[in-house]
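Asker: Can you read through this structure? Questions will come right after.
The values are calculated or read from the model by the stated rules, or taken from the named source; none is laboratory data. All of these numbers come straight from a predicted model, not from anything done at the bench. Counting neighbours? That spans all protein chains shown, and the Cβs are built from the backbone with ideal geometry, glycine included.
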Amino acid sequence: MLVSSFSQHPSAERVLVHISDTHLLDGRRLFGSIDSDTPLRRLLERLVASGQQVDALVFTGDLADRAESGAYLRLRELVEPFALQLGAPVVWVMGNHDEREPFSEVLFGGPATAEPQDRVFDLDGLRVIALDTSVPGYHHGELTPAQLEWLGNELASPAPKGTILALHHPPIPTPIELMGVIELQDQGALARVIEGTDVRGLLAGHLHYSTFSTFAGVPVSVCAASCYTIDLLGIKGTILSAVPGGLSASLVHVYPDQLVFSTVPLEDSGEITHYDAAGLAGITAMTAEQRREMFSNKNSEFNRASDCEQSGF
């Protein structure tokens, strides 16, 4: 296990990039104006440029807005070259806008099938289970008794580093009442399957805004969409308000006994300042007390210079 030089916590054992609700169309823009490709491409470019450890790219559904084969192909052509550079597998998860036949055929290169697209991915001991909560012909979510039995059988054998479930419909409440109509049905059945197992977290989408909760004692992270955002503060008199900004993805850092979820904006707003990594060797060579005095002491030369740059005095 790698131990951080500067913290009481160890370094993360795995890092997942959680992306959701890309809603790609084949040669067209959402609402005639929304570019669904560019924010995603910028994120992937930034991931490569950052040198960030990435152990998997997890896409939690609504990948193609109209389930067009051409849209799925475009998504693969956009994502897979970056995944190859990152050395990271891609976990594709079904959403309510997806359809199983083109999803299975184009994204996984297999025969077109109407069967649920549930899959297991092993990330060197961390198990990621993709659950298909889609219902053919509908937008609400379900898990059939057969799917729950399959999931229970998978979870009967713990994974060395535990399990993360990736699904589209999050099993949590939402303040947007209308979304309750298309939420995951019979959430208690899923809770009964995962209680007492090695499930450490749930990754979901569907809501088009970032939010966090717990379910059956397990942390839940809902990733915002990469195309448009639902505004929770829409003006009075609206049932649901969609806006083109606020796009984000999430980094999931997996520690031995914790998961940490961090929102990453997709919009390119520019940088206001940074600290160069050239000085990292010198910082590493310091004692813990020297580092504390340099970075924590408000009156240190470093902090006085930073305060002056930020506020002018």
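Asker: Mind listing whichever residues of the range 1-33 are β-branched (Val, Ile, Thr) and at pLDDT below 95?
Answerer: Here is the first cut: in the range 1-33, the ones β-branched (Val, Ile, Thr) are 3, 15, 17, 19, 22.
Once the filter is applied, which keeps residues that are β-branched (Val, Ile, Thr) and at pLDDT below 95, the range 1-33 yields only Val3.
Asker: Test Arg14 against the stated conditions and say whether it is within 24 Å of Val128 (Cα to Cα), of a type in the set (Lys, Arg) and within 21 Å of the chain's Cα centre (by Cα).
Answerer: Yes; evaluated as a whole, the condition is true for this residue.
Asker: Could you tell me whether the range 177-200 includes any residue that is modelled with pLDDT under 95, assigned to a loop (DSSP other than H, G, I, E, B) and not basic (Lys, Arg)?
Answerer: Within the range 177-200 (the criterion being modelled with pLDDT under 95, assigned to a loop (DSSP other than H, G, I, E, B) and not basic (Lys, Arg)), the answer is no, since none of the residues qualifies.
Asker: Quick check on my filter: what residues within the range 11-47 are out of contact with any Lys or Arg (no Cβ under 8 Å at 6 or more places or on another chain), farther than 19 Å from Arg76 by Cα and surrounded by 14 or more Cβ atoms within 10 Å (Cβ to Cβ)?
Answerer: Ser11, Ala12, Val15, Ile34
Per-residue answers, yes or no, for (1) outside the structural domain of Ser226 (by TED's automatic domain parsing); (2) of a type in the set (Phe, Trp, Tyr); (3) surrounded by fewer than 15 Cβ atoms within 10 Å (Cβ to Cβ):
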position: Gly61; (1), (2), (3): no, no, no
position: Asp65; (1), (2), (3): no, no, no
position: Tyr72; (1), (2), (3): no, yes, no
position: Phe82; (1), (2), (3): no, yes, no
position: Pro89; (1), (2), (3): no, no, no
position: Gly109; (1), (2), (3): no, no, yes
position: Arg119; (1), (2), (3): no, no, no
position: Pro136; (1), (2), (3): no, no, yes
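Yes/no matrix, rows are residues, columns are (1) farther than 17 Å from Leu184 by Cβ; (2) in a loop (DSSP other than H, G, I, E, B); (3) of a type outside the set (Asp, Glu); (4) modelled with pLDDT of 95 or more:
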position	(1), (2), (3), (4)
Pro116	no, yes, yes, yes
Asp122	yes, no, no, yes
Val128	yes, no, yes, yes
Leu143	no, yes, yes, yes
Trp150	no, no, yes, yes
Pro158	yes, yes, yes, yes
Lys161	yes, yes, yes, yes
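Asker: Under 23 Å from Asp118 (Cβ atoms) and either in contact with a Ser or Thr (Cβ under 6 Å, 6 or more places away or on another chain) or of a type in the set (Asp, Glu) (or both) - does that describe any residue in the range 23-40?
Answerer: Within the range 23-40, one or more residues are under 23 Å from Asp118 (Cβ atoms) and either in contact with a Ser or Thr (Cβ under 6 Å, 6 or more places away or on another chain) or of a type in the set (Asp, Glu) (or both).
Asker: Moving on to the next point. Collect the residues in the range 32-46 that are acidic (Asp, Glu) and not in a loop (DSSP other than H, G, I, E, B), keeping them in residue-number order. Please lay out each step first, then the result.
Answerer: Initial filter on the range 32-46 (acidic (Asp, Glu)): 35, 37, 45.
Those that are acidic (Asp, Glu) and not in a loop (DSSP other than H, G, I, E, B): Asp37, Glu45.
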